[in-house]
1. Based on what the data block shows, is E75 out of contact with any helix residue (DSSP H, G or I) (no Cβ under 9 Å at 6 or more places or on another chain), among the acidic types (D, E) and in the same structural domain as A146 (by TED's automatic domain parsing)?
2. Criterion first (at positive phi, within 13 Å of the ligand (Cβ to nearest atom) and surrounded by 16 or more Cβ atoms within 10 Å (Cβ to Cβ)) does G163 satisfy it?
3. Would you mention how many residues in the range 251-269 are outside any helix (DSSP H, G or I) and not hydrophobic (A, V, I, L, M, F, W, C)?
4. For the range 281-350, give me every one of the strands (runs of 3 or more DSSP E) that falls completely inside it and has 1 or more residues that are at positive phi.
5. Might you check whether a residue that is in contact (Cβ under 8 Å) with a residue 60 or more places away in the chain, within 16 Å of the ligand (Cβ to nearest atom) and in contact with a Ser or Thr (Cβ under 8 Å, 6 or more places away or on another chain) occurs anywhere in the range 80-88?
6. Of the numbered conditions (1) of a type outside the set (F, W, Y); (2) over 22 Å from L384 (Cβ atoms); (3) assigned by TED's automatic domain parsing to the domain that holds A414; (4) touching a helix residue (DSSP H, G or I) at 6+ places or on another chain (Cβ under 7 Å), E260 satisfies every one except a single condition; which is it?
7. Output the qualifying pairs, or none if there are none: Cβ atoms under 8 angstrom, residues six or more apart or on different chains, first residue in the range 150-165 and farther than 18 Å from A108 by Cβ and not assigned by TED's automatic domain parsing to the domain that holds A306, second residue acidic (D, E) and within 9 Å of the ligand (Cβ to nearest atom).
8. For the range 126-155, which positions are within 16 Å of the ligand (Cβ to nearest atom), over 24 Å from the mean Cα position of the chain (by Cα) and aliphatic (A, V, I, L, M)?
Amino acid sequence: MDKIIIEGPNILSGQINISGAKNSALPILASTILANGTCQLKQVPKVQDISTMIAMLAHMGVNAKLENNIVTTNENNQKGTTAPYEIVRKMRGSVCALGPLLTRYGEAHISLPGGCVIGTRPIDLHLKGLKALGASIQIEHGYVHASCKKLKGCRIFLGGNFGSSVLATDNIMMAATLAEGTTIISGAACEPEVVDLANFLIKMGAKITGAGSHNITIEGVSKLTGATHTIIPDRIEAGTFLIAGAMCGQNLTINNMIPEHLDALFDAFDRLGIKYKRHQSKVELSYSGDYTSACDITTLPYPGFATDLQAQIMTLLAVQPITSVITEKIFPDRFMHAAELDRMGAKINIDGGTAIITGQSNLSGAEVMASDLRASAALILAGLVAKGTTTINRVYHLDRGYENMVGKLASLGAKITRKS
Ligand code: UD1
């Protein structure tokens, strides 16, 4: 199994380009099940989750090829309606095939994703939405079996106990594109990735308004065609590099990003006293000394602070001379990285969904274990500033969602290598 080895401390300088957003590309790939015709998707990141999604689509008659960050799909004539356990267990995002399969073929059989290291991951909102559209749903032998004659549009509230759900919004929006009549999703997720999916569906011929707000209206149509689309830049990858720059950057420029997707992160930077220059599609920043203003963070649905950047900002806070509190409102158990950071000398106390970080300036390199995708990124950030050697195990988590992170950091001057 591969490891990442970092010799620290490091200074990062130069320019990098942000890749396309994995969390946009996944539902957009799932939506190609709906296409009568071929689709071309540009700026698709070459990461493991995308390969897993492409493998799942093959079970559904969609043959997708990824070459030079472009995915081209075939004309889909073959009906396949099952997402098997061996694929869904690798990637929870597979659940977003449910809506497209059901609305196009009248049935879908998707393995239940189960929990994961960041907590229980229910799909009750997905099922509630599909039932409201008229699907009948059975859960048997670890699979969701959904079937319907023709879905019928209606008004559906998709807010849950932890806010709105991104993939449930995606799933119901896709299902509603071919339903009879009008569907209104209230309490919809507003994430940029939902808007990107809506824009692609509109190019395929769907009638959707309101994506990006809490109310999305979908007028059903009888058929969707193939389409061409460029995936938006990955705001989580951009946020990770921005945090790296705030920790150890010197004249660092992050290109090909959409700064307004990261307003909550920039607000945290402002409160901490981090200096940066925001342009239309790039941001420049440098490490500007210890940050001494207290800054508490609460993760929330978009446009709030992204849970997918919580682990990375925790690393930054752990090496500042301040005490900070992070409250995790989306996945209250998502703190597995804290114990690994503590092994490098951080002082983090967890109490339920709250982390209290007593910052101090030095971390020391250690052998650590990545528990999930974003935790791996947080440990890499820690390794960049820690003194000595940091070895990060279980890097397959990183491969799920960051395109060539080791290569990008090395190009900025980091002493980072990957070894088998
Ligand atoms: C997506 C992202 C993930 C990100 C998360 C929150 C993808 C592929 N993944 O995951 O990286 O961390 O949004 O921004 O886009 N919930 C329910 N019932 C449901 C569904 C969700 O209670 O049926 C809860 C979840 O447990 C969580 C909250 O709602 O507490 C938000 O989860 P959700 O937005 O659904 O996350 P995903 O869409 O799975």
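The values are calculated or read from the model by the stated rules, or taken from the named source; none is laboratory data. These figures come from a predicted structure and were not determined experimentally. All Cβ positions, even for glycine, are placed from backbone atoms using ideal geometry, and neighbour counts span all protein chains on display.
1. Yes: the conditions hold for E75.
2. yes
3. First, the residues of the range 251-269 that are outside any helix (DSSP H, G or I): 251-258.
Filter again for not hydrophobic (A, V, I, L, M, F, W, C), leaving 251, 253, 255-256.
So the count comes out to 4.
4. Result: empty, no element qualifies.
5. no
6. For E260, the failing item is (4).
7. G160/D124
8. Selection gives A132, L133, A135, I137, I139, A146.
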